[in-house]
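K.L.:
If you scroll down you'll find the structure; I have some questions about it.
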Amino acid sequence: MTTTPVIEVDHLTKLFGNFTAVDDVSLAIEQGEIFGFLGPNGAGKSTTIRAILDLIRPTSGTCRVLGLDSRKDAVEIRRSLGFLPSDLALYPNLTGKQTLQYLANLRGGIDWAWVDTLTARFDADLSKKVGELSSGNRQKVGLIQAFMHRPRVVILDEPITGLDPLVQLEFHNLMREHVGEGNTVFLSSHTLSEVERVADRVGFIRRGHLIAVEAMADLQDKALRRITLEFPEPVPAGDFQGIEGVHEVSAEGASVTAQYEGSMAPLLKAATAHGVLSVSSATVDLDEMFLEFYRDEVEASGEAEQGSAA
Ligand SMILES: Nc1ncnc2c1ncn2[C@@H]1O[C@H](COP(=O)(O)OP(=O)(O)O)[C@@H](O)[C@H]1O
Ligand SMILES: [Mg+2]
């Protein structure tokens with residue numbers, strides 16, 4: 001059985017002048033999943049999100065939400081959608097409560113008991129003027145408005161920025177519950193660690209190109225299959241290359257890092273022959289992997305900056 005994706009981006013391209021911000025991106029987000037859309041600043045995350053929401057017009061390609069066309073059926077889509085933009089603009093002179101009441105009146109049919117629950121869960125202070133709140137506390141108001149009508153689809157652009165760890169945890173729980181009820185969440189972030197505990201799948205975008213879409217479980221498995229070996233003195237990386245199942249070997253000083261498939265035994269055997277002092281494998285965090293994903297990007301943009309400065 002195949003179901004229509006809840007969010008479908010089909011060959012989306014967006015140019016600003018002659019600059020390509022999003023280049024032929026296709027994505028399908030399924031019902032009931034939390035999808036993390038990852039990429040460094042300027043990668044094209046917000047541009048993609050704005051096209052999905054019909055806030056900008058694609059140069060080519062289409063977006064669909066709940067089977068409806070983003071451009072033609074924008075009004076209908078809005079009813080089932082919760083959205084938190086990355087640059088949330090609220091009236092600074094309204095309190096959090098007044099802000100939510102205003103937005104609730106626009107939408108209609110809001111269950112205030114649920115708003116109160118969200119407020120308590122995020123420990124939000126709705127009595128203060130929004131303009132007087134710290135960015136993290138203002139973000140709470142933004143999150144409440146995104147979830148207050150229990151939308152079938154929630155799209156959040158960098159929602160975690162500025163939230164303290166306890167609030168992040170509560171936010172994760174909320175997203176889990178929300179998709180557990182058959183809804184769908186799409187959120188963007190520039191760090192994998194922000195979404196690694198909560199996303200079911202992640203897509204990586206850089207310079208407008210979607211470079212990979214992976215199940216979180218597969219990424220975690222890859223991260224675990226990395227090993228760092230410490231030796232009494234420097235060992236050439238070449239001594240570990242070519243060992244069955246071992247790849248991406250790198251040596252730095254007296255430590256060697258590698259990835260392995262299957263059994264760790266052949267690698268350990270070679271390490272033992274060199275008098276290995278310590279072995280660590282599960283300590284590699286996903287942020288490091290994320291950086292590796294983008295390392296050539298960082299190097300390439302460094303070159304580009306030098307190029308443009310010249
Ligand atoms: N309205 C715009 N006009 C011109 N360039 C834009 C506009 N919006 C975004 N860009 C450019 O497009 C690229 C992608 O931006 P954006 O989608 O906001 O990235 P992200 O959200 O991943 O940080 C950036 O280089 C940005 O400067
Ligand atoms: Mg952005």
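The values are calculated or read from the model by the stated rules, or taken from the named source; none is laboratory data. For clarity, every value in this text was computed on a predicted model and none was experimentally measured. All Cβ positions, glycine included, derive from the backbone under ideal geometry; neighbour counts span all protein chains shown. Protein only, heavy atoms only, side chains kept; ligands, DNA and RNA dropped before computing areas. Shrake-Rupley method; radii C 1.70, N 1.55, O 1.52, S 1.80 Å.
K.L.:
Taking only Cα atoms and a 10 Å spring cutoff, compute GNM fluctuations for the chain and point out the largest among 169, 267, 100.
P.N.:
267
K.L.:
Between residue 193 and residue 105, how many nm apart are label points set 7 Å from Cα along the C-beta direction?
P.N.:
Result: 4.4 nm between the two label points.
K.L.:
Using alpha-carbon positions, what is the distance between the centroids of region 159-185 and region 14-73, in Å?
P.N.:
First find each Cα centre; the distance between them is then 22 Å.
K.L.:
Give me the percent of Cα-Cα pairs in region 28-85 that sit more than 16 Å apart, rounded to a whole number. Don't jump to the answer; show the numbers that get you there.
P.N.:
Numbers: 786 of 1653 pairs.
Pairs farther apart than 16 Å: 48 percent.
K.L.:
Under the Kirkwood approximation applied to all pairs of distinct alpha-carbon atoms, what is the hydrodynamic radius of region 226-280 in Å?
P.N.:
Details: mean 1/r = 0.0933 Å⁻¹.
About 10.7 Å, per the Kirkwood formula over Cα pairs.
K.L.:
Over region 226-280, with every protein chain in place, what whole percent of the accessible area is carbon and sulfur at 1.4 Å, could you tell me?
P.N.:
On the way: 1550 of 2940 Å².
After summing per-atom areas, the C and S share lands at 53 percent.
K.L.:
Hey, can you find the accessible area per residue of the chain for me, probe 1.4 Å, expressed in square angstrom? Provide the component values of the computation, followed by the final result.
P.N.:
Working: 15300 Å² over 310 residues.
Result: 49 Å² per residue.
K.L.:
What are the semi-axes of the equivalent ellipsoid of region 12-56, taken as the square roots of 5 times the eigenvalues of the Cα gyration tensor, listed largest first and rounded to whole Å?
P.N.:
Numbers: eigenvalues 83, 28, 17 Å².
Equivalent ellipsoid of region 12-56: 20, 12, 9 Å, largest first.
K.L.:
Tell me the angle of helix 135-147 to the major Cα principal axis of the chain, expressed in degrees between 0 and 90 and rounded to the nearest ten.
P.N.:
In the chain, helix 135-147 runs at an angle near 70 degrees to the longest axis.
K.L.:
Follow-up question, since we're still on this one. Treating the angle as unsigned and between 0 and 90°, give the value, to the nearest 10°, between the Cα long axis of helix 112-122 and the longest Cα principal axis of the chain.
P.N.:
Value to nearest ten degrees: 30.
K.L.:
Now, a different point. Could you check which residue among 73, 23, 239 shows the biggest mean-square fluctuation in a GNM of the chain with a 10 Å Cα cutoff?
P.N.:
Its mean-square fluctuation being the largest, the pick is 239.
K.L.:
Going 7 Å from the Cα of residue 114 toward and past its Cβ, which residues in region 177-219 have a backbone nitrogen under 18 Å from where you end up?
P.N.:
177-186
K.L.:
Sequence gap of 8 or more, or different chains, plus Cα separation below 22 Å: how many lysine pairs satisfy both in the chain?
P.N.:
Lysine pairs satisfying the spacing and distance rule in the chain number 9.
K.L.:
Here's something else I'd like to know. Take the chain, compute every pairwise Cα distance, and split them into 10 Å bins from 0; I just need the percent in each bin.
P.N.:
The percentages, shortest bin first, are 6, 23, 27, 22, 14, 7, 2, 0.
K.L.:
Please state the charge dipole magnitude for the chain, taken about the Cα centre, from unit charges on C-beta atoms (+1 on K and R, -1 on D and E), reported in debye and rounded to the nearest 20. Let's see the in-between values first.
P.N.:
Values: 28 positive and 44 negative charges, 302 e Å.
Around 1460 debye, computed over the chain.
K.L.:
Right, next: As an exercise, use a Förster radius of 51 Å and the Cβ-Cβ distance of residue 280 and residue 73 to find the FRET efficiency, rounded to the nearest 0.05. Present the calculation step by step, with values, prior to reporting the outcome.
P.N.:
Numbers: r = 52 Å, r/R0 = 1.03.
It comes to 0.45.
K.L.:
Pop the C-beta distance of residue 230 and residue 86 into the FRET formula with R0 = 51 Å and round what comes out to the nearest 0.05.
P.N.:
Numbers: r = 41 Å, r/R0 = 0.81.
Efficiency, from the Cβ-Cβ distance: 0.80.
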